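Colleague: Could you have a look at this structure, given as structure tokens, before my questions?
Every read-out reported here was derived from the displayed coordinates using simple, explicitly stated rules and does not represent laboratory data. Note that the structure is predicted; figures quoted are calculated from it, not measured. Note that each Cβ is placed from the backbone with ideal geometry, even for glycine, and that neighbours are counted across all protein chains shown.
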Amino acid sequence: MSFSKSSQTSHISVETYTRIDLSAVELLREKNTVSHTIVTNTCEGVADCVDACPVACIHDGPGKNTKGTDWYWIDFSTCIDCGICLQVCPVEGAIVPEERPDLQTTPN
Ligand code: SF4
Ligand code: SF4
């Protein structure tokens with residue numbers, strides 16, 4: 001299975017990516033040791049990222065953040081660093097393309 005790229009952007013399209021089979025996801029998981037991060041107090045709980053994530057590693061957090069909104073967090077151990085969540089998130093700065101446990105509250 002190979003990745004195809006959108007003819008209009010250099011990013012892998014969400015539509016294309018969701019058709020990747022499980023073996024490709026496992027391969028990505030083995031190759032990537034880094035993760036994306038949701039900035040807890042910037043996230044507004046829109047949850048567009050949740051349905052877009054191909055490995056279901058984005059979860060809702062308890063209570064509200066300092067903005068008073070719902071918030072989500074990424075399971076660093078499961079994230080395959082694909083970047084789709086960052087592409088679909090409508091809130092500027094809510095997701096950063098690196099593993100930053102200092103920015104994300106991660107419930108135990
Ligand atoms: S990270 Fe972005 S898309 Fe995901 S819940 Fe927060 S605001 Fe919504
Ligand atoms: S980078 Fe990919 S795997 Fe990681 S949380 Fe975002 S959508 Fe999910």
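Colleague: Give me, ordered by chain and number, the residues 5 or more places off TYR72 or on other chains with an amide H under 5 Å from its own placed amide H.
Modeller: Long-range HN contacts for TYR72: GLY45, GLY61.
Colleague: A further question on this structure: Cβ under 14 Å from PRO107's Cβ, PRO107 left aside: what net charge do those residues give with Lys, Arg +1 and Asp, Glu -1?
Modeller: Working: positive: LYS64; negative: ASP60, ASP70, ASP75.
Its environment carries a net charge of -2.
Colleague: Moving on. Each residue of the stretch 53-60 in turn: what ³J(HN,Hα) in whole Hz from Karplus with 6.51, -1.76, 1.60 and θ = phi - 60°, glycine and Pro shown as x?
Modeller: 5, x, 10, 6, 9, 9, 10, 7
Colleague: Calculate the spin-label point distance for SER77 paired with THR105, positioning each point 7 Å from the Cα along the beta-carbon direction, and give it in nanometres.
Modeller: Result for the modelled spin labels: 2.1 nm.
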